[in-house]
Amino acid sequence: MSTTPVVVVTGANGLVGAAVCAALSERGAEVRAVVRRAGTAPVLTGVQERVGDFPDPAFAADVLAGADAAVTTVHPMASDLAAQRSIGVEGTTAFARAAVAAAVPLLVHVSTAAVYDRSPTTGDVDESSPLVGDDAGDYAVTKRDLDLALDGVEGITRVLIRPPAILGPGETSVWNTLRPQSIRDHEQARHAVAAQTFPWVHVVDLAALAADLVTGQVGDGPAAGGCTAVNVAGQPATVRDYYLAVTGAVGVEPVWDDQPAWTGQLLTDRATGWDWKPTVGLDQALAELAAGLRS
């Protein structure tokens, strides 16, 4: 890897993509921030906006030329199944193949812990745990299928980072903005199982792992040339913790349902072995969440 690593980041204007750009900028990397609309990439030292559709072969070849690594973050989770397959699965897989053709040595993909079966009878979950079946939701199934597709793209080291709920402020943040709006506006969204496990990670810590991977600042790191999944999560929490923070901030009452739910933990031993550990605690994350909702 060059002294100043060149890293391509797709979805650079999203919550995760922007955080990854910021973390790479702090580490002195040269970042090619891929966005679809001009003027939406983070304005940071070392970050160059590149406007285009990342799956387009000509654009992908151009933006990946001479890069040391790529970080993919795009998945249209609020779209229908067809769009999630076309953009998320097929688009990211095509981009990965373009990275191989451009001789990029490392691809870090931001996946999700939603690919794991976390039914009520499931215990703790690690990277070898069973994945969801075809009867899971569109998002979980398409993310699962993308992980499996990337596993089959040879010629490049692939790392699949699997975060659970991603906390952190932002207009597009599911857990800091969109889910709280639904809880505020819709009674049905206030229903939850209090004791259910709420695995989470702050976007700053998620981005730090991605940035450390592509700049070579981890411990043993992933197997060269292979495809390695790695879970990331903050300290243990329950749905009660999250819902009380949200409902207290938006001025409604939670409704606790009595039904079976997953109460295991999302294990992060592999990430810890790579010298990663979260820096944002639960109290800090929930206080930030509540403050943002009240403002």
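Throughout, read-outs are computed from the coordinates displayed, never taken from laboratory work. The model shown is predicted, which means the values in this text are computed figures rather than measured ones. Note: ideal-geometry Cβ built from the backbone for every residue, glycine included; neighbour counts use all protein chains shown.
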Rg (one decimal) and Dmax (whole number) from the Cα set of the stretch 170-295, in Å, equal 16.7, 51
re the stretch 109-158: pairs of Cα atoms spaced beyond 17 Å account for a percent value of 37 percent
FRET efficiency for residue 295 and residue 257 from the Cβ-Cβ distance with R0 = 25 Å, rounded to 0.05, comes out at 0.25
Here the equivalent ellipsoid of the stretch 23-62, derived from its Cα gyration tensor, has semi-axes (largest first, whole Å) of 20, 12, 6
So residue 82 and residue 154, fully extended at 0.36 nm per residue minus their Cα-Cα distance, gain in nm 23.3 nm
The answer for the per residue Cα convex hull volume of the chain, in Å³, is 126 Å³
Quotient of Cα radius of gyration and Kirkwood radius for the stretch 92-137, i.e. Rg/Rh, equals 1.15
FRET efficiency (residue 65, residue 195; Cβ distance; R0 51 Å; to 0.05) is 0.50
Computed over the stretch 86-210, the distribution of all Cα-Cα distances in 5 Å bins, rounded to whole %, is 2, 9, 15, 19, 21, 16, 10, 4, 2, 1, 0
Given the candidates 65, 93, 114, the one whose Cα lies deepest towards the positive end of the charge dipole of the stretch 39-171, counting +1 at each Lys or Arg C-beta and -1 at each Asp or Glu C-beta, is 65
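Which whole-number percentage describes the relative contact order of the stretch 1-86, with Cα contacts under 8 Å and a sequence gap of 6 or more?
Value for the stretch 1-86: 33 percent.
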Length-normalised contact order of the chain, Cα under 8 Å, at least 6 apart, in percent, tallies to 18 percent
Kirkwood Rh over alpha-carbon pairs of the stretch 59-106 plugged into Stokes-Einstein at 25 °C, 0.890 mPa s gives a D in µm²/s of 217 µm²/s
Across 10 Å bins beginning at 0, the whole-percent shares of Cα-Cα pair distances in the stretch 240-281 come to 20, 30, 30, 18, 1
Debye calc, one equal point scatterer per Cα of the stretch 156-212, no solvent, log10 I(q)/I(0) at q = 0.22, 0.25 1/Å comes to -0.96, -1.09
Percent of all alpha-carbon pairs of the stretch 1-129 at distances over 24 Å, whole number, is 31 percent
Given 90-103, 216-229, the highest-first ranking by average Cβ count within 10 Å works out to 90-103, 216-229
